[in-house]
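Worksheet: the structure to be examined is printed underneath.
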Amino acid sequence: RSPLERARRRVCASRAMARKKPRTEPPPRWSEPLLAPPSQSEIPGTGDASRGAAPPVDRADAEPIRVAPPKPTTSTTPRRFHLAVVRELHTGAGSAESAGASVNYTREPAWIQFEPDGTAVVAVAGGCPVARWDVRESTNDVAALNFSTPRDDRRGDAEMKDVRTESFPERPSLLVSIREEYTREGHEARNTQGTVDKKSRALVLGFHGVADARDALIALSVKEKNQNRDASRRKLAEAFDGLRRRVSDVSTDDDSDVFTKKIDRTSAETYFSYYASLAEQQNMLQDRVRTGTYFTAILEHRAAFFGKIVMDVGAGSGVLSCFAALAGARRVYAVEASDMADHCATLVANDARLRDVVKVIKGRVESDAVRRVVLEDLKGIHGGAEGSSIVDSRAIDVLVSEPMGTMLFNERMIESFLIARDVFLKPKGGQMFPRAARLHCAPFEDFTLRAEILDKATFWCSNESKDFYGIDVSVLGPEATKTYFAQPVVDAFDPTMLLADPATFEFDFLGDETKTNGETKRRLNAEHLERLFLRADFVARRDGVAHGLAWWFDVEFDVRNPIGSSTRNGQNRRFLTTAPGAPTTHWFQIRLPFRDPMEIARNARVETETEMIASSNQSYAVTAVLARGDSDGKNKNVSTKEQAVSGTWNLKDPYYRQLHYPQPGYTEAQTKRWYGDEAAEVRGADARFFADAERRS
């Protein structure tokens with residue numbers, strides 16, 4: 001055997017060993033949301049043995065003759081709110097030195113979790129318990145602490161007003177007084193009188209956002225049993241709503257805007273809670289392709305931002321707003337509907353270059369309240385007769401946003417970007433970053449992925465499933481297989497898996513016309529994205545088996561100059577792409593696997609028809625058909641099973657395959673960070689073996 005053949009065999013053996021132990025844990029926690037969506041149940045106690053989780057509390061009062069009152073159960077899954085501060089106030093017991101002092105238990109990640117049985121648990125450091133009590137029986141009192149305004153004594157009142165620090169309160173906090181069962185060393189919890197020993201504790205819990213603090217306060221208030229209970233809760237909720245208005249100056253409870261009419265309320269709450277997480281923002285910020293491309297595109301087009309009025313739609317952490325301010329913008333409106341607006345405000349207030357330029361508005365861009373705030377501020381910026389004459393909100397020079405989701409349109413954020421264009425952007429001369437997007441599609445071949453999906457359904461389809469504890473569960477096998485193939489696959493793949501050159505669908509956000517499927521349509525509007533019909537033809541480059549359709553996108557940053565301008569369009573044109581083979585982004589690519597694959601011969605013509613229907617959960621239901629065509633380009637009868645394959649997928653329920661398998665394009669260091677030492681060694685061995693073989697040849 002030649003040296004090259006031996007090297008190739010060794011690489012194949014290494015890869016086989018690496019595949020024997022795929023990762024079963026997700027990547028590091030910085031890439032996970034702090035707030036899990038309600039649909040993802042978090043089972044307490046799972047995997048907590050090594051983290052010091054609290055053992056179940058044996059209720060001393062659980063006697064047969066006593067019937068405990070029913071406990072409130074508003075959900076079958078725990079509710080968790082992450083905490084920024086966990087402190088315990090001493091009650092005065094002990095020495096004079098310790099009386100009135102506090103103990104700081106804060107070790108992130110920290111949270112308070114409400115179990116379905118009515119128990120509340122405060123934990124730090126990923127699961128170490130600080131307190132555990134029955135909310136109904138053991139909560140003495142709960143109160144919202146006063147909010148103060150951070151001030152700088154070195155500045156005058158007029159200067160402080162310009163800085164707008166009054167909009168940035170301290171973290172919302174709750175003071176919770178409880179009675180917790182405890183066991184003295186060497187004694188049982190029940191004392192000699194037959195009662196339970198309990199001690200009073202006072203906890204100060206600091207939350208990341210006002211909404212979390214408000215919901216936790218309501219959950220902790222179930223102990224009240226008098227007739228004024230509901231009125232008291234409403235009073236506390238109104239207090240937090242007042243604090244929220246101080247933060248944002250915009251009411252987010254407007255049910256008359258376009259967003260609330262088309263989006264389910266529960267979905268919106270989950271969505272905004274997810275993006276209120278600093279961990280999720282970190283995941284996006286650390287995507288160097290994403291963040292670096294936006295930074296470069298904005299600074300390269302500095303002339304479009306200098307001295308202009310800019311709006312950042314869905315600002316998140318506010319980094320794009322900061323880029324616009326650094327490019328010389330006169331005013332930047334950072335519009336963010338989630339509680340991340342509070343963190344954005346803190347970031348801006350801390351930087352002297354930004355605090356007089358960036359104005360954070362907490363609300364939805366579709367809301368009339370946001371429009372009123374922008375109009376009022378524009379009048380103050382222009383001043384005099386010019387300011388008083390402003391009655392149209394379409395005075396924004398540049399819109400900037402990062403609205404893309406998987407398969408470009410998932411999460412339906414691009415619709416908000418287009419609505420902001422219609423409501424705020426100048427009719428003439430206005431610019432959008434990004435200006436346009438392209439969605440790409442091609443059939444792919446991947447036997448490994450297909451075998452992996454089929455393996456998921458093995459439990460339901462194996463012979464053992466016919467006698468599962470005396471029950472035949474194999475009857476659910478076909479439905480289980482169908483369910484697994486209905487999950488879009490999110491990962492990165494090698495472009496050599498593509499069977500044909502990709503088809504491209506163009507969407508121009510700024511232009512008066514857009515071309516899709518060879519047809520010229522009028523200006524792209526938000527309602528056009530409620531239902532998309534995408535048709536494409538392919539010519540196979542080689543023989544193969546089409547296991548599904550692969551999708552990716554790119555967006556374009558460019559300035560469209562007016563007619564007669566000396567500057568040409570596209571002089572600093574730049575793309576952000578998620579294409580296979582390009583540097584991997586946090587979007588990866590998305591693949592739609594067919595349950596029934598289709599064989600394709602080289603130079604054969606195939607066509608696809610894909611329909612995307614928007615849903616109220618901020619996602620899309622996708623249906624696609626892949627059909628053969630005649631060699632002369634005429635389609636055969638596509639209604640027969642032999643000539644066409646099809647499938648239906650829900651973009652809201654993807655299979656995040658990149659969490660388990662090393663991705664193409666990763667360096668050895670990245671592979672080690674995400675997938676461990678063994679995978680990194682195999683990846684490094686691959687690179688070294690083939691590099692040596694190439695040098696020898």
(request) Can you work out the accessible area per residue across region 299-380, with the rest of the protein chains kept in place, probe 1.4 Å, in square angstrom? (result) 33 Å²
(message) Quick check for me: using +1 on Lys/Arg Cβ and -1 on Asp/Glu Cβ, what's the dipole size of region 267-383 about its Cα centre, in debye to the nearest 20?
(response) 500 debye
(request) With 20 Å as the limit, write out which pairs from Lys359/Lys379; Lys362/Lys426; Lys262/Lys652; Lys308/Lys428; Lys261/Lys359; Lys261/Lys379 have Cα-Cα distances beyond it, or answer none. (result) Lys362/Lys426; Lys261/Lys359; Lys261/Lys379
(request) Note down the net charge around Asp543, summing +1 for each Lys or Arg and -1 for each Asp or Glu among other residues with Cβ under 12 Å from its Cβ. (result) +1
(request) Provide the net charge surrounding Arg591, with neighbours chosen by a C-beta distance below 14 Å and charges set as Lys +1, Arg +1, Asp -1, Glu -1. (result) -2
(message) Can you tell me what percent of all Cα-Cα pairs in region 382-488 are more than 17 Å apart?
(response) 72 percent
(message) Going by amide H atoms built from the backbone, whose H comes under 5 Å of the H on Gln618, apart from near neighbours?
(response) Asp264
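The values are calculated or read from the model by the stated rules, or taken from the named source; none is laboratory data. None of the values given here were measured: they were computed from a predicted structure. Glycine gets a Cβ as well: all are built from the backbone with ideal geometry, and neighbour counts include every protein chain shown. What goes into the accessible areas is simple: the full protein's heavy atoms, side chains included, and nothing from ligands, DNA or RNA. Shrake-Rupley method; radii C 1.70, N 1.55, O 1.52, S 1.80 Å.
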